[in-house]
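Everything on this sheet refers to the single structure shown next.
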Amino acid sequence: MSKPDAAALVLEDGRVFRGAAYGAVGQTLGEAVFCTGMTGYQETLTDPSYHRQIVVATAPQVGNTGWNGEDDESVGPDGSADDARMWVAGFAIRDASRRASNWRATGTLDEEMRRQDVVGIAEIDTRAVVRHLRTRGSMKAGIFSGDALADVDTLVERVRSQPSMAGADLAGEVSTTSGYVVEPEGEARYSVVAVDLGIKSNTPRMFARRGIRVHVVPANATIDQVRDLGADGFFLSNGPGDPATADSVVRLTEEVLGDGTPMFGICFGNQILGRALGRGTYKMKFGHRGLNIPVIEHDTGRIAITSQNHGFALEGEAGEEFDTPFGRAVVSHTCANDGVVEGVRLLDDSAFSVQYHPEAAAGPHDAEYLFDRFLTLLDKKVGK
(Lines give C-alpha, C1' and ligand atoms only; values in the text may rest on other atoms or scores of the structure.)
Protein backbone atom coordinates (compact mmCIF):
# COMPACT_ATOMS: atom_id res chain seq x y z
CA MET A 1 0.00 0.00 0.00
CA SER A 2 1.26 3.47 -0.85
CA LYS A 3 2.26 5.90 1.86
CA PRO A 4 -0.65 8.19 2.85
CA ASP A 5 1.27 11.30 1.82
CA ALA A 6 2.05 10.12 -1.74
CA ALA A 7 -0.02 11.61 -4.57
CA ALA A 8 -0.03 11.80 -8.35
CA LEU A 9 -1.48 14.20 -10.92
CA VAL A 10 -2.22 12.12 -14.03
CA LEU A 11 -3.06 13.61 -17.45
CA GLU A 12 -4.95 11.84 -20.20
CA ASP A 13 -1.89 11.81 -22.49
CA GLY A 14 -0.06 9.67 -19.92
CA ARG A 15 2.03 12.42 -18.28
CA VAL A 16 2.36 11.87 -14.52
CA PHE A 17 3.50 14.37 -11.87
CA ARG A 18 4.36 12.89 -8.46
CA GLY A 19 3.91 14.85 -5.26
CA ALA A 20 2.34 14.84 -1.80
CA ALA A 21 -1.30 14.67 -0.80
CA TYR A 22 -2.81 18.07 0.05
CA GLY A 23 -6.30 18.46 1.41
CA ALA A 24 -8.46 15.35 1.25
CA VAL A 25 -6.92 11.99 0.38
CA GLY A 26 -8.52 9.91 -2.36
CA GLN A 27 -9.40 10.32 -6.03
CA THR A 28 -10.81 13.17 -8.08
CA LEU A 29 -11.34 13.59 -11.81
CA GLY A 30 -11.77 16.70 -13.91
CA GLU A 31 -10.32 18.89 -16.63
CA ALA A 32 -6.81 20.17 -15.84
CA VAL A 33 -6.58 23.95 -16.27
CA PHE A 34 -4.19 26.57 -14.94
CA CYS A 35 -4.86 29.92 -13.26
CA THR A 36 -2.25 32.68 -13.35
CA GLY A 37 -3.65 34.67 -10.41
CA MET A 38 -1.03 35.43 -7.77
CA THR A 39 -3.72 35.98 -5.14
CA GLY A 40 -7.37 35.09 -4.61
CA TYR A 41 -7.19 31.31 -4.31
CA GLN A 42 -10.24 31.21 -2.01
CA GLU A 43 -12.33 33.07 -4.58
CA THR A 44 -11.05 30.73 -7.28
CA LEU A 45 -11.79 27.54 -5.37
CA THR A 46 -15.36 28.67 -4.56
CA ASP A 47 -16.15 30.01 -8.06
CA PRO A 48 -18.90 27.77 -9.54
CA SER A 49 -17.38 28.33 -13.00
CA TYR A 50 -14.59 25.92 -11.96
CA HIS A 51 -17.03 23.04 -11.46
CA ARG A 52 -15.45 19.76 -12.68
CA GLN A 53 -12.02 21.35 -13.18
CA ILE A 54 -8.70 20.59 -11.50
CA VAL A 55 -7.02 23.96 -11.05
CA VAL A 56 -3.23 24.20 -11.27
CA ALA A 57 -1.97 27.33 -9.49
CA THR A 58 0.93 29.12 -11.18
CA ALA A 59 1.71 31.09 -8.00
CA PRO A 60 4.71 29.31 -6.40
CA GLN A 61 3.31 29.28 -2.87
CA VAL A 62 -0.34 28.89 -1.90
CA GLY A 63 -2.15 28.96 1.43
CA ASN A 64 -0.42 32.01 2.93
CA THR A 65 -3.66 33.76 3.91
CA GLY A 66 -5.43 30.63 5.11
CA TRP A 67 -9.20 30.41 4.84
CA ASN A 68 -11.89 32.74 6.14
CA GLY A 69 -15.67 33.05 6.21
CA GLU A 70 -15.88 36.21 4.10
CA ASP A 71 -14.26 35.58 0.71
CA ASP A 72 -16.32 32.67 -0.62
CA GLU A 73 -17.77 33.34 -4.06
CA SER A 74 -20.53 30.74 -3.88
CA VAL A 75 -23.73 30.54 -1.86
CA GLY A 76 -26.21 27.79 -1.13
CA PRO A 77 -29.26 27.00 -3.28
CA ASP A 78 -31.35 29.51 -1.33
CA GLY A 79 -28.68 32.23 -1.34
CA SER A 80 -27.36 31.49 2.13
CA ALA A 81 -23.66 32.21 2.63
CA ASP A 82 -23.65 29.50 5.30
CA ASP A 83 -23.88 26.90 2.53
CA ALA A 84 -20.92 28.21 0.51
CA ARG A 85 -18.62 25.52 -0.85
CA MET A 86 -15.63 24.83 -3.06
CA TRP A 87 -16.62 23.95 -6.61
CA VAL A 88 -13.25 22.86 -8.03
CA ALA A 89 -12.76 19.16 -8.67
CA GLY A 90 -9.20 19.38 -7.32
CA PHE A 91 -6.29 21.71 -6.63
CA ALA A 92 -2.63 21.31 -7.63
CA ILE A 93 0.08 23.52 -6.13
CA ARG A 94 3.84 23.71 -5.77
CA ASP A 95 4.62 24.87 -2.23
CA ALA A 96 2.02 24.79 0.55
CA SER A 97 2.48 27.61 3.04
CA ARG A 98 3.37 26.21 6.46
CA ARG A 99 1.20 28.74 8.28
CA ALA A 100 -1.80 31.00 7.66
CA SER A 101 -0.78 34.58 8.39
CA ASN A 102 -3.82 36.78 7.76
CA TRP A 103 -5.80 38.36 10.57
CA ARG A 104 -9.10 37.22 9.03
CA ALA A 105 -8.07 33.57 8.74
CA THR A 106 -10.22 31.08 10.64
CA GLY A 107 -8.18 28.07 9.54
CA THR A 108 -5.78 26.78 6.92
CA LEU A 109 -6.46 25.96 3.29
CA ASP A 110 -5.38 22.35 3.84
CA GLU A 111 -7.83 21.97 6.73
CA GLU A 112 -10.69 23.44 4.71
CA MET A 113 -10.00 21.22 1.71
CA ARG A 114 -10.06 18.19 4.02
CA ARG A 115 -13.29 19.38 5.64
CA GLN A 116 -14.96 19.77 2.24
CA ASP A 117 -13.43 16.55 0.86
CA VAL A 118 -11.55 18.32 -1.96
CA VAL A 119 -8.60 16.23 -3.14
CA GLY A 120 -5.38 18.09 -3.89
CA ILE A 121 -1.69 17.63 -4.55
CA ALA A 122 1.36 19.66 -3.52
CA GLU A 123 5.11 19.54 -4.15
CA ILE A 124 4.85 19.18 -7.92
CA ASP A 125 6.60 21.25 -10.59
CA THR A 126 3.62 23.42 -11.54
CA ARG A 127 5.75 25.29 -14.10
CA ALA A 128 6.22 22.04 -15.98
CA VAL A 129 2.50 21.25 -15.73
CA VAL A 130 1.54 24.68 -17.08
CA ARG A 131 4.02 24.50 -19.95
CA HIS A 132 2.61 21.09 -20.84
CA LEU A 133 -1.00 22.36 -20.78
CA ARG A 134 -0.10 25.45 -22.83
CA THR A 135 1.50 23.19 -25.44
CA ARG A 136 -1.01 20.34 -25.49
CA GLY A 137 -4.10 22.20 -24.27
CA SER A 138 -6.37 21.65 -21.29
CA MET A 139 -7.15 17.97 -20.91
CA LYS A 140 -8.77 15.32 -18.76
CA ALA A 141 -6.89 14.67 -15.54
CA GLY A 142 -7.06 13.10 -12.11
CA ILE A 143 -5.43 13.45 -8.71
CA PHE A 144 -4.87 10.23 -6.80
CA SER A 145 -3.59 9.63 -3.27
CA GLY A 146 -3.84 7.04 -0.50
CA ASP A 147 -5.71 3.89 -1.49
CA ALA A 148 -6.72 5.47 -4.83
CA LEU A 149 -3.15 5.15 -6.12
CA ALA A 150 -2.48 2.33 -8.60
CA ASP A 151 -0.21 1.55 -11.52
CA VAL A 152 0.06 4.24 -14.20
CA ASP A 153 -1.94 2.37 -16.85
CA THR A 154 -4.86 1.96 -14.45
CA LEU A 155 -4.80 5.64 -13.45
CA VAL A 156 -4.62 6.84 -17.06
CA GLU A 157 -7.60 4.65 -17.95
CA ARG A 158 -9.61 6.17 -15.08
CA VAL A 159 -8.73 9.63 -16.34
CA ARG A 160 -9.62 8.91 -19.95
CA SER A 161 -12.95 7.28 -19.04
CA GLN A 162 -14.46 10.49 -17.65
CA PRO A 163 -16.72 12.75 -19.77
CA SER A 164 -15.15 15.57 -21.78
CA MET A 165 -15.71 19.22 -20.93
CA ALA A 166 -16.75 19.76 -24.55
CA GLY A 167 -20.47 19.06 -24.61
CA ALA A 168 -20.81 19.27 -20.82
CA ASP A 169 -24.07 20.83 -19.63
CA LEU A 170 -23.14 22.00 -16.14
CA ALA A 171 -24.98 25.24 -15.38
CA GLY A 172 -27.95 23.41 -13.88
CA GLU A 173 -25.64 21.57 -11.49
CA VAL A 174 -24.42 24.79 -9.85
CA SER A 175 -27.53 26.95 -10.13
CA THR A 176 -29.94 27.88 -7.36
CA THR A 177 -32.87 25.50 -7.18
CA SER A 178 -35.57 27.87 -5.92
CA GLY A 179 -34.25 31.40 -6.38
CA TYR A 180 -33.63 34.15 -3.86
CA VAL A 181 -33.55 37.94 -3.58
CA VAL A 182 -30.62 40.22 -2.75
CA GLU A 183 -31.94 43.51 -1.43
CA PRO A 184 -30.38 46.86 -2.41
CA GLU A 185 -28.41 49.08 -0.12
CA GLY A 186 -30.76 51.92 0.65
CA GLU A 187 -33.86 52.67 -1.41
CA ALA A 188 -34.47 50.46 -4.43
CA ARG A 189 -34.05 52.29 -7.72
CA TYR A 190 -34.53 49.32 -10.03
CA SER A 191 -34.91 45.56 -10.01
CA VAL A 192 -33.06 43.02 -12.14
CA VAL A 193 -33.62 39.35 -12.87
CA ALA A 194 -30.29 37.51 -12.68
CA VAL A 195 -30.17 34.04 -14.23
CA ASP A 196 -27.92 31.92 -12.03
CA LEU A 197 -25.70 29.90 -14.35
CA GLY A 198 -23.05 29.75 -11.62
CA ILE A 199 -23.24 33.29 -10.27
CA LYS A 200 -20.50 34.58 -7.97
CA SER A 201 -21.73 36.12 -4.73
CA ASN A 202 -20.04 39.48 -5.31
CA THR A 203 -22.09 40.14 -8.45
CA PRO A 204 -25.45 40.75 -6.72
CA ARG A 205 -23.59 42.85 -4.15
CA MET A 206 -22.30 45.09 -6.95
CA PHE A 207 -25.87 45.65 -8.11
CA ALA A 208 -27.11 46.15 -4.54
CA ARG A 209 -24.56 48.93 -3.95
CA ARG A 210 -26.18 50.77 -6.86
CA GLY A 211 -29.68 50.52 -5.46
CA ILE A 212 -30.73 47.51 -7.54
CA ARG A 213 -32.83 44.68 -6.13
CA VAL A 214 -31.66 41.36 -7.61
CA HIS A 215 -34.04 38.46 -8.19
CA VAL A 216 -31.73 35.47 -8.66
CA VAL A 217 -33.55 32.75 -10.62
CA PRO A 218 -32.57 29.19 -11.61
CA ALA A 219 -30.86 28.36 -14.88
CA ASN A 220 -34.07 26.67 -16.06
CA ALA A 221 -36.27 29.72 -15.47
CA THR A 222 -38.98 30.33 -18.07
CA ILE A 223 -39.96 33.54 -19.81
CA ASP A 224 -43.24 33.58 -17.88
CA GLN A 225 -41.38 33.39 -14.58
CA VAL A 226 -39.11 36.24 -15.67
CA ARG A 227 -42.00 38.41 -16.85
CA ASP A 228 -43.99 37.75 -13.67
CA LEU A 229 -41.22 39.39 -11.64
CA GLY A 230 -41.75 42.63 -13.54
CA ALA A 231 -38.07 43.54 -13.33
CA ASP A 232 -36.49 46.50 -15.09
CA GLY A 233 -33.43 44.62 -16.35
CA PHE A 234 -32.06 41.18 -17.12
CA PHE A 235 -28.65 39.74 -16.24
CA LEU A 236 -26.84 36.58 -17.42
CA SER A 237 -24.18 35.32 -15.00
CA ASN A 238 -20.94 33.42 -15.32
CA GLY A 239 -20.98 29.64 -15.11
CA PRO A 240 -19.33 26.35 -16.09
CA GLY A 241 -19.65 24.02 -19.06
CA ASP A 242 -20.05 24.22 -22.82
CA PRO A 243 -22.29 27.10 -23.98
CA ALA A 244 -23.29 25.03 -26.99
CA THR A 245 -25.41 22.90 -24.62
CA ALA A 246 -27.33 25.83 -23.08
CA ASP A 247 -30.19 25.91 -25.59
CA SER A 248 -32.95 26.65 -23.07
CA VAL A 249 -31.12 29.69 -21.67
CA VAL A 250 -30.42 30.92 -25.20
CA ARG A 251 -34.15 30.69 -26.01
CA LEU A 252 -34.97 32.58 -22.81
CA THR A 253 -32.45 35.26 -23.77
CA GLU A 254 -33.99 35.59 -27.24
CA GLU A 255 -37.44 36.07 -25.70
CA VAL A 256 -36.15 38.72 -23.28
CA LEU A 257 -34.39 40.51 -26.15
CA GLY A 258 -37.69 40.46 -28.00
CA ASP A 259 -39.32 42.21 -25.04
CA GLY A 260 -36.72 44.99 -25.26
CA THR A 261 -35.60 44.54 -21.64
CA PRO A 262 -32.16 46.05 -20.92
CA MET A 263 -29.63 43.21 -20.69
CA PHE A 264 -26.15 42.68 -19.30
CA GLY A 265 -24.08 39.48 -19.29
CA ILE A 266 -20.67 38.35 -18.10
CA CYS A 267 -18.47 35.33 -18.89
CA PHE A 268 -20.81 32.40 -19.67
CA GLY A 269 -23.51 35.06 -20.04
CA ASN A 270 -21.46 36.69 -22.81
CA GLN A 271 -21.48 33.40 -24.70
CA ILE A 272 -25.23 33.00 -24.16
CA LEU A 273 -26.00 36.50 -25.44
CA GLY A 274 -23.65 35.91 -28.36
CA ARG A 275 -25.47 32.70 -29.26
CA ALA A 276 -28.83 34.51 -29.02
CA LEU A 277 -27.43 37.05 -31.49
CA GLY A 278 -26.49 34.26 -33.89
CA ARG A 279 -22.81 33.71 -33.11
CA GLY A 280 -21.17 30.31 -32.68
CA THR A 281 -18.88 29.19 -29.87
CA TYR A 282 -15.78 27.01 -29.69
CA LYS A 283 -13.53 25.39 -27.09
CA MET A 284 -10.25 27.21 -26.58
CA LYS A 285 -6.92 25.40 -26.40
CA PHE A 286 -6.26 26.32 -22.78
CA GLY A 287 -8.56 29.24 -22.04
CA HIS A 288 -8.10 32.42 -20.05
CA ARG A 289 -7.86 32.04 -16.27
CA GLY A 290 -6.20 34.70 -14.17
CA LEU A 291 -6.29 38.30 -12.93
CA ASN A 292 -4.03 40.03 -15.44
CA ILE A 293 -5.61 39.62 -18.89
CA PRO A 294 -5.70 42.78 -21.06
CA VAL A 295 -8.89 43.56 -22.97
CA ILE A 296 -9.40 46.26 -25.61
CA GLU A 297 -12.71 48.13 -25.86
CA HIS A 298 -12.73 49.07 -29.53
CA ASP A 299 -15.05 52.08 -29.38
CA THR A 300 -12.77 53.92 -26.98
CA GLY A 301 -9.40 52.19 -27.35
CA ARG A 302 -9.45 51.75 -23.59
CA ILE A 303 -7.53 48.75 -22.23
CA ALA A 304 -8.65 47.10 -18.99
CA ILE A 305 -6.71 44.53 -16.99
CA THR A 306 -9.31 41.92 -16.19
CA SER A 307 -10.15 38.85 -14.15
CA GLN A 308 -11.14 35.90 -16.34
CA ASN A 309 -12.12 32.25 -16.14
CA HIS A 310 -13.32 30.64 -19.36
CA GLY A 311 -12.40 27.78 -21.65
CA PHE A 312 -14.94 28.55 -24.40
CA ALA A 313 -15.33 31.68 -26.52
CA LEU A 314 -17.51 33.35 -29.15
CA GLU A 315 -16.58 33.36 -32.81
CA GLY A 316 -15.84 36.78 -34.30
CA GLU A 317 -13.28 39.44 -35.12
CA ALA A 318 -12.40 42.75 -33.47
CA GLY A 319 -14.91 45.46 -34.32
CA GLU A 320 -16.95 43.15 -36.57
CA GLU A 321 -20.53 44.32 -37.12
CA PHE A 322 -23.25 41.80 -37.92
CA ASP A 323 -26.99 41.50 -38.34
CA THR A 324 -29.19 39.83 -35.71
CA PRO A 325 -32.95 39.34 -35.32
CA PHE A 326 -32.79 42.19 -32.79
CA GLY A 327 -30.85 44.74 -34.86
CA ARG A 328 -27.23 45.31 -35.71
CA ALA A 329 -24.57 44.17 -33.25
CA VAL A 330 -20.82 44.50 -32.90
CA VAL A 331 -17.88 42.62 -31.41
CA SER A 332 -17.10 45.34 -28.88
CA HIS A 333 -14.10 43.90 -27.00
CA THR A 334 -11.23 41.54 -27.77
CA CYS A 335 -8.26 40.20 -25.83
CA ALA A 336 -5.03 42.10 -26.48
CA ASN A 337 -3.02 38.88 -26.13
CA ASP A 338 -4.70 36.65 -28.69
CA GLY A 339 -7.66 38.45 -30.29
CA VAL A 340 -10.32 36.28 -28.61
CA VAL A 341 -13.77 37.90 -28.49
CA GLU A 342 -14.29 39.54 -25.09
CA GLY A 343 -17.59 41.34 -25.59
CA VAL A 344 -20.59 41.95 -27.84
CA ARG A 345 -23.37 44.51 -27.83
CA LEU A 346 -26.37 45.61 -29.81
CA LEU A 347 -25.68 48.92 -31.52
CA ASP A 348 -28.80 50.45 -29.94
CA ASP A 349 -27.14 49.66 -26.55
CA SER A 350 -30.14 47.70 -25.28
CA ALA A 351 -27.96 44.67 -24.54
CA PHE A 352 -24.25 44.13 -23.95
CA SER A 353 -21.95 41.55 -22.42
CA VAL A 354 -18.29 40.90 -21.66
CA GLN A 355 -16.28 37.71 -21.32
CA TYR A 356 -14.47 38.81 -18.17
CA HIS A 357 -15.45 39.44 -14.53
CA PRO A 358 -16.16 43.10 -13.68
CA GLU A 359 -17.21 42.09 -10.14
CA ALA A 360 -13.45 41.53 -9.53
CA ALA A 361 -13.54 38.79 -6.93
CA ALA A 362 -10.68 38.26 -7.02
CA GLY A 363 -9.06 40.59 -9.48
CA PRO A 364 -8.43 44.18 -10.59
CA HIS A 365 -11.22 46.77 -10.51
CA ASP A 366 -10.64 48.22 -14.00
CA ALA A 367 -13.98 46.92 -15.31
CA GLU A 368 -16.26 47.83 -12.41
CA TYR A 369 -17.58 50.75 -14.46
CA LEU A 370 -19.63 48.25 -16.50
CA PHE A 371 -22.13 48.01 -13.65
CA ASP A 372 -22.53 51.78 -13.86
CA ARG A 373 -22.96 51.48 -17.63
CA PHE A 374 -25.81 49.05 -17.07
CA LEU A 375 -27.30 51.43 -14.50
CA THR A 376 -27.17 54.22 -17.11
CA LEU A 377 -28.95 51.90 -19.55
CA LEU A 378 -31.68 51.33 -16.96
CA ASP A 379 -31.93 55.09 -16.39
CA LYS A 380 -32.50 55.67 -20.10
CA LYS A 381 -34.98 52.82 -20.53
CA VAL A 382 -36.93 53.07 -17.30
CA GLY A 383 -36.14 56.60 -16.17
CA LYS A 384 -36.95 56.38 -12.48
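The values are calculated or read from the model by the stated rules, or taken from the named source; none is laboratory data. The structure presented is a predicted model; accordingly, all values stated were derived computationally and were not measured. Heads up, the Cβs are rebuilt from the backbone with ideal geometry, glycines too, and the neighbour counts pull from every protein chain shown. Accessible surface is based on the protein model in full, side chains and every heavy atom, while ligands, DNA and RNA are left aside. Shrake-Rupley method; radii C 1.70, N 1.55, O 1.52, S 1.80 Å.
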In whole percent, what relative contact order does segment 167-317 give with Cα contacts below 8 Å and a gap of six or more residues? 21 percent
Just how far, in whole angstrom, is segment 340-384 from segment 92-127 if you go by their alpha carbon centroids? 34 Å
Length gained, Y282-F322, 0.36 nm per residue minus C-alpha separation, equals 12.6 nm
Positive minus negative residues near D71 (Lys, Arg vs Asp, Glu; Cβ under 14 Å): -3
Provide the net charge surrounding N337, with neighbours chosen by a C-beta distance below 14 Å and charges set as Lys +1, Arg +1, Asp -1, Glu -1. +1
Taking the Cα atoms only, what angle lies between the long axis of helix 126-136 and the longest principal axis of the chain, rounded to 10 degrees? 60 degrees
With all protein chains present, how much of the accessible area of the chain (probe radius 1.4 Å) comes from carbon and sulfur, to the nearest whole percent? 45 percent
For Q162 and E70, extending 7 Å from Cα along the Cα-Cβ vector and measuring point to point gives, in nm, a value of 3.4 nm
Would you mind working out the accessible area per residue for segment 74-191, using a 1.4 Å probe, and quoting it in Å²? 53 Å²
On a 31 Å Cα-Cα criterion, which of the cross-link pairs K285/K381; K200/K381; K200/K285; K283/K380 come out too long? K285/K381; K283/K380
Running Debye on segment 33-117 with equal point scatterers at the Cα sites and no solvent, what base-10 log of I(q)/I(0) appears at q = 0.18, 0.26 Å⁻¹? -0.73, -1.50
How much area per residue is accessible in segment 275-384 when the probe is 1.4 Å and only protein heavy atoms are counted (Å²)? 40 Å²
Between segment 234-308 and segment 23-85, what is the separation of their alpha carbon centroids in Å? 22 Å
The whole-number value in µm²/s of the Stokes-Einstein translational diffusion coefficient for segment 284-329, with Rh from the Kirkwood sum over alpha carbon pairs at 4 °C and 1.567 mPa s, is 102 µm²/s
Per-residue [θ]222 nm for the chain (sum of -39500 (n - 2.57) over DSSP H runs n ≥ 4, rounded to 500): -6000 deg cm²/dmol
Can you tell which of V56, S175, Q225 lies farthest toward the positive end of the dipole of the chain, using +1 and -1 charges on the Cβ of basic and acidic side chains (Lys, Arg; Asp, Glu)? V56
Could you state the accessible area per residue of segment 197-267 in Å², with a 1.4 Å probe and every protein chain left in place? 30 Å²
If you take the square roots of the eigenvalues of the alpha-carbon gyration tensor of segment 172-229 and sort them as a ≥ b ≥ c, do you get rounded (a/c under 1.5), prolate (a/b over b/c) or oblate? oblate
Shape call for the chain from the C-alpha gyration tensor, a ≥ b ≥ c root eigenvalues: rounded (a/c under 1.5), prolate (a/b greater than b/c) or oblate? prolate
Tilt of helix 247-259 relative to the longest C-alpha principal axis of the chain, in degrees (0 to 90, nearest 10)? 20 degrees
Site E255, offset 7 angstrom along Cα→Cβ, radius 18 Å on amide nitrogen, limited to segment 224-240, gives 224-237
Could you report the accessible area of D83 in Å², rounded to 10, computed with a 1.4 Å probe on the protein chains as they sit in the structure? 80 Å²
